[in-house]
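Taking it in order: structure first as structure tokens, then the write-up.
Rule-based calculations on the coordinates, nothing more; no lab input. Owing to the predicted nature of the structure, the values given are computational and were not obtained by experimental measurement. Cβ: placed from backbone, ideal geometry, glycine included. Neighbour counts: every protein chain shown.
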2 protein chains.
Amino acid sequence: MKALVYTGPEQLSYLDVPPPTVGEGDHLVRVCCVGICGSDMHAYLGHDDRRPAPLILGHEVAGVIEGGPRDGERVTVNPLVTCGTCPACREGYDNLCPKRQIISMPPREGGFAEFLAIPGTNLVKVPDTVSLSQAALAEPIACGWHTVRRSLAVLYGAHNRALVLGGGAIGLGAALSLKAQGIDDVTIVEPNPARRTYLIDVCSQTVLETAPENGLFDLVIDGVGYTSTRAAASACVRPGGVIGHIGLGEDQGGLDIRRMTLQEVTFVGTYTYTAEDFRQTAHAIFEQRLGALDWTDHRSLADGGGAFEDIRNGAVAEPKILLVPTAAPERN
Amino acid sequence: MKALVYTGPEQLSYLDVPPPTVGEGDHLVRVCCVGICGSDMHAYLGHDDRRPAPLILGHEVAGVIEGGPRDGERVTVNPLVTCGTCPACREGYDNLCPKRQIISMPPREGGFAEFLAIPGTNLVKVPDTVSLSQAALAEPIACGWHTVRRSLAVLYGAHNRALVLGGGAIGLGAALSLKAQGIDDVTIVEPNPARRTYLIDVCSQTVLETAPENGLFDLVIDGVGYTSTRAAASACVRPGGVIGHIGLGEDQGGLDIRRMTLQEVTFVGTYTYTAEDFRQTAHAIFEQRLGALDWTDHRSLADGGGAFEDIRNGAVAEPKILLVPTAAPERN
């Protein structure tokens, strides 16, 4: 099959590779749309020890099951594979399973390819009324959905105003999840002017260039995770408020811990989503509770390297680029 | 009256000063025991902008009401004065009242004196079976009580093992509060060997010299708040665990935010206690659920300067020094 293979720092090659091995319990999925995530970019730049070359990246997949009892079923893919038997899995926080695997990280290849092998329990059926482009957004939006759910669970007092740092798919997904979970007053901060205009004009979001350091937001979601965004988050959250942290930009620093202590701010570290979060997000998409989900740009998988370069150069207004294999039966 | 007055960095003077003005709603309390807190030390060293000289420090007070309808009542003092009408006060997190005041911070003088003026609602009656030395520990222990309550409220999964960083009154109070709130397996980390021996021999605690970086503790309480203790806290908390943060040692740094994100660690900033926490702590003391509370050293208020120097030099094994005015009607 054809695949876009990460062959070393800043190198992506469109190659013929053997098709994936379909293990017991796995289904073969013909990939139709696969999103480029910030973590794919991180790996492409050679900054992620967990993703050594050569490797097929990509973990935001929607497609069609090929063969077997569910042949032809349109599905969106939960890329997180967990053991199902440990305390974390049994008690509903399976994203912390010590044996967790994610496609695009060894030993599992990712979705920048024509086919993907994945356990059937990771596949959520997509109704005919929903495009696979929309369905492929379940994964990035589920990250924000999970962060919002976890953050609201520990927030006390007012639940009115939220700020989201970063207007990529993670940040926009968090903003949409906030509204779907009952927070109406949501502001996004996005420094890239083209992205900002897109979010306002196409996505009908409230967007600022920089964060107001006013200490007025009940909840701040940091979808970026840089020192500067954490500094902004800890300045603009209200006393007793919550910082929901998704980003992995920089490993340390930025939080004003003196203010967080004196003003009782809670920081909630979050990573991915539980299987239940993924299902809830997919169903929110299916029920049109997350908006039109038309904020994607489609590129050919064969030209994936160019898409990475465009993202790196800040030249992409759309929050998400989806790569589409040439032979995909559905391209939208 | 006599008072120990902070007159400038590293200067404490035992002086004659005017007695406090008793405002409407205030009671006059004759101070019998008043603890020295780390924040008093911080102010004494000139490091706390909120406590400018000249000022009477001290906020851990037990004593006897002098005059008025409650004359002669033995009391412990909640030093946090709040407005009672704002949303924070009405909804039970009055420690975040925007108008909060604390004795020992302008405009309120502290308790290193013969008398203190304080609203009657801040006074909790002490039963005859409890000494005022024990009652004066309500304030430092309430800090840990509050942190434990807030941290347990957001912890999911196992609630078995806790680590407390720092074996002063804050850390020991947190350890005792953990046990009173149902966590049996509690370990304290204390680098000072004399303090460590005291905690083991007198207080029957499990104490280590350094934190094990094992990622196994469900809950870690940082009662110190230095870069190094936060680094230890974020290394030894389990995936999905909670760091309860009390300390104000250093303003920034130390947290391994990458690990906290990938492993979903929650950081709970906490400051002081609500009025309800203070009452719960006082009643836990009265019901002997916090142990013998005999880990105090008594010094004369007139010699308070020497006590500060001893603490600064690490020469005090007891977790708490209580200062006793010469004319106190109860000295124990």
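Tabulated values for the structure
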quantity: Cα pair count fraction exceeding 33 Å, expressed as % - chain A; calculated: 23 percent
quantity: Net lengthening on full extension, B:HIS159/B:GLN11 (0.36 nm per residue, minus Cα-Cα); calculated: 48.8 nm
quantity: Over 32 Å (Cα to Cα) - which of A:LYS2/A:LYS179; A:LYS2/A:LYS99; A:LYS179/B:LYS179 fall in this group; calculated: A:LYS2/A:LYS179; A:LYS179/B:LYS179
quantity: Longest segment of chain A lacking GluC sites (Glu not before Pro) that sit in a DSSP loop with at most 14 other Cβ atoms within 10 Å; calculated: A:92-208
quantity: Number of partner chain Cβ atoms within 10 Å, mean per residue of A:267-274; calculated: 6
quantity: Karplus (6.51, -1.76, 1.60) ³J(HN,Hα), θ = phi - 60°, over the stretch B:244-260, in Hz, Gly and Pro reported as x; calculated: x, 10, 10, x, 10, x, 10, 6, 9, x, x, 5, 8, 6, 4, 5, 4
quantity: The stretch A:141-269: relative contact order in percent, alpha carbon pairs under 8 Å with at least 6 residues between; calculated: 25 percent
quantity: Debye log10 I(q)/I(0) at q = 0.07, 0.09, 0.10 Å⁻¹ for the protein assembly as shown, Cα point scatterers; calculated: -0.52, -0.77, -0.89
quantity: In degrees, nearest ten, helix A:275-286 long axis to first principal axis of chain A (Cα); calculated: 90 degrees
quantity: Cα-based reach from B:LYS125 at 16 Å (exclusive), listing aspartates and glutamates while leaving out same-chain residues under 8 positions away; calculated: B:ASP26, B:GLU60, B:GLU66, B:ASP71, B:GLU73, B:GLU139, B:GLU276, B:ASP277, B:GLU287, B:GLU330
quantity: Inter-copy separations for A:ILE200, label at 7 Å along Cα-Cβ, nm, ascending; calculated: 6.5
quantity: Paramagnetic label zone (point 7 Å from Cα along Cα-to-C-beta, A:THR210; backbone N under 20 Å) in the stretch A:228-256; calculated: A:228-238, A:254-256
quantity: Distance-filtered residues of the stretch B:55-84 - backbone nitrogen under 18 Å, label point 7 angstrom along B:LYS125 Cα→Cβ; calculated: B:62-78
quantity: Inter-label distance, nm, simple model (7 Å from Cα along the C-beta direction), A:GLU309/B:ARG331; calculated: 8.6 nm
quantity: Estimated vicinal HN-Hα couplings, Hz - the stretch A:13-29 in sequence order (Karplus 6.51, -1.76, 1.60; Gly, Pro = x); calculated: 10, 8, 10, 7, 9, x, x, x, 6, 9, x, 5, x, 7, 10, 9, 10
quantity: The stretch A:27-104 versus the stretch B:296-318: alpha-carbon centroid distance in Å; calculated: 60 Å
quantity: Relative intensity, log₁₀ I(q)/I(0), of the stretch A:180-332 from a Debye sum that treats every alpha carbon as a point, q = 0.20 Å⁻¹; calculated: -1.43
quantity: Equivalent-ellipsoid semi-axes of the stretch A:141-269, from the Cα gyration tensor, Å, largest first; calculated: 21, 16, 13
